[in-house]
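Here the structure comes first, spelled out in C-alpha cells, and everything after it is commentary.
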Amino acid sequence: MGCNPTPLSLSLDSALRPFLASRSPSVVQSRHKPHALRFLKLVRRASSPSPFLSNGPAPGTFLDPEALHSLDALRLFRRGIELDLTGDGGGGFLEIRPMEAGELEATAQLLAESFAESMFVPLRYVYVLTFLVKQYIEERVALEPHVAVLLGFYREAGAEGEPQLAATAEISFDARGANAAPPTPVPPRECPYICNMAVKKTLRRRRIGWHLLKACEELITQIKAQRRVYLHCRVIDKIPFQMYQKAGYNVIKTDSFLSWFTLQRRKHLMCKELPPCTDVIGSP
C-alpha cells in the first residue's frame, strides 16, 4: 500500500507556500536570480536575521547558567532505537541526535524534497528550494540552545556502511527561539513547538517519524521547564493526525475556512502536556 506524502509541520511550509502559490513553477529556477532573492527574503522573514552555523552559539553570545545547561543537554543528546518491524518495512537501527555543521546540505535537501512533494512542486526545482532552505536552517541553528534541529540516521539490519539520513525535525523551546512568523493558529511563543518534521520518502512506514517525535519530547523535558508542547497538523493529513493523537496530542484550535484566502492549507494546532523528566542527560 502506498504512503501519503509527509508534509512539513509547518514553520517552513508557511514561509514558502505563498511564494510558490502566487507564481507559476516556470519562474522558480536557479537561473532567475531576482525571483530566488525574493524567495530568500520571504524565508528570512520567518527566522532570525543572524545567519551563523556552528555547534554552539554565535561568538560573543552571553549564555546564562540556564542556557548553558540547555546547551550541554542539547550537545549530549543521543537516542538509539532498534526497529524490529514485520512486513515490508524490515528492521534496522535508528540514531537520533542534533544536526552537526557538516550535515547542513543533506538536511536542507531532505526538507526541500519533502516540501516539494507536499506542494506538488516539480522535483527539478528542488535545487532552488534546497538553497533557500539551507539559509533558513543556518539562521535557526544560530539560535541554539533556544532552537534545535534533530536528525535521524537509519541503517537496515545486516547492512554495511554508514547509516543514511532518514528524518529531521525542528524544536523551538521558548520565546527567544520562536519563529517570527508562525503558522496559524498561532501557538504560545513561550512554549516548546515542534515543526519541520520530515521523513525520507523511501524510509517511511518504519515508525521513524514516531520515534523522532518521542525524541523531540524527551529533549524538551530535559532542557525546558515548560512541558506544554505544541505542533501543527494540516487538516487534510489524516495519517500524521492519527499519529499525533496516538502520541497524546489534542486539538486546541483549527484554522477557519478563511485561511484559503492567505494561500494556506487549514491546520490544527495540537498540544500535549509532557510528564516530568526522569531521564539523565546524555543517557542512551
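Inside segment 224-247, residues that are out of contact with any Cys (no Cβ under 9 Å at 6 or more places or on another chain) and either part of a loop (DSSP other than H, G, I, E, B) or open to solvent by less than 20 Å² (accessible area, probe 1.4 Å) (or both) make up a count of 7.
Looking only at segment 192-226, which residues are over 21 Å from residue 81 (Cα atoms) and at pLDDT 90 or above? Those that are over 21 Å from residue 81 (Cα atoms) and at pLDDT 90 or above: 192, 193, 195, 196. Considering every residue within segment 251-269, establish whether at least one is closer than 24 Å to residue 94 by Cβ and at pLDDT 95 or above. No: segment 251-269 contains no residue that is closer than 24 Å to residue 94 by Cβ and at pLDDT 95 or above. Just one residue in the set 106, 181 is more than 22 Å from residue 71 (Cα to Cα), in a loop (DSSP other than H, G, I, E, B) and either at pLDDT 95 or above or among the small types (Gly, Ala, Ser) (or both); that residue is 181.
When segment 204-228 is filtered for residues that are more than 11 Å from residue 274 (Cβ to Cβ) and in contact with a Lys or Arg (Cβ under 7 Å, 6 or more places away or on another chain), only 215 remains. When restricted to residues that are touching a strand residue (DSSP E or B) at 6+ places or on another chain (Cβ under 9 Å), of a type in the set (Asp, Glu) and open to solvent by 40 Å² or more (accessible area, probe 1.4 Å), segment 120-163 contains 2. Residue pairs whose Cβ atoms lie under 8 Å apart, sitting 6 or more positions apart in sequence or on different chains, and linking a residue in segment 218-240 that is over 26 Å from residue 65 (Cα atoms) to a partner that is acidic (Asp, Glu), are 235/255. Filtered by the rule that a residue be over 19 Å from residue 213 (Cα atoms) and either of a type in the set (A, V, I, L, M) or buried (at least 20 other Cβ atoms within 10 Å of the Cβ) (or both), segment 164-176 gives a lone residue, 175.
The values are calculated or read from the model by the stated rules, or taken from the named source; none is laboratory data. For clarity, every value in this text was computed on a predicted model and none was experimentally measured. We place every Cβ from the backbone using ideal geometry, glycine too, and count neighbours over all the protein chains shown. Heads up: the accessible areas ignore ligands, DNA and RNA and are worked out on the full protein's heavy atoms, side chains in. Shrake-Rupley method; radii C 1.70, N 1.55, O 1.52, S 1.80 Å.
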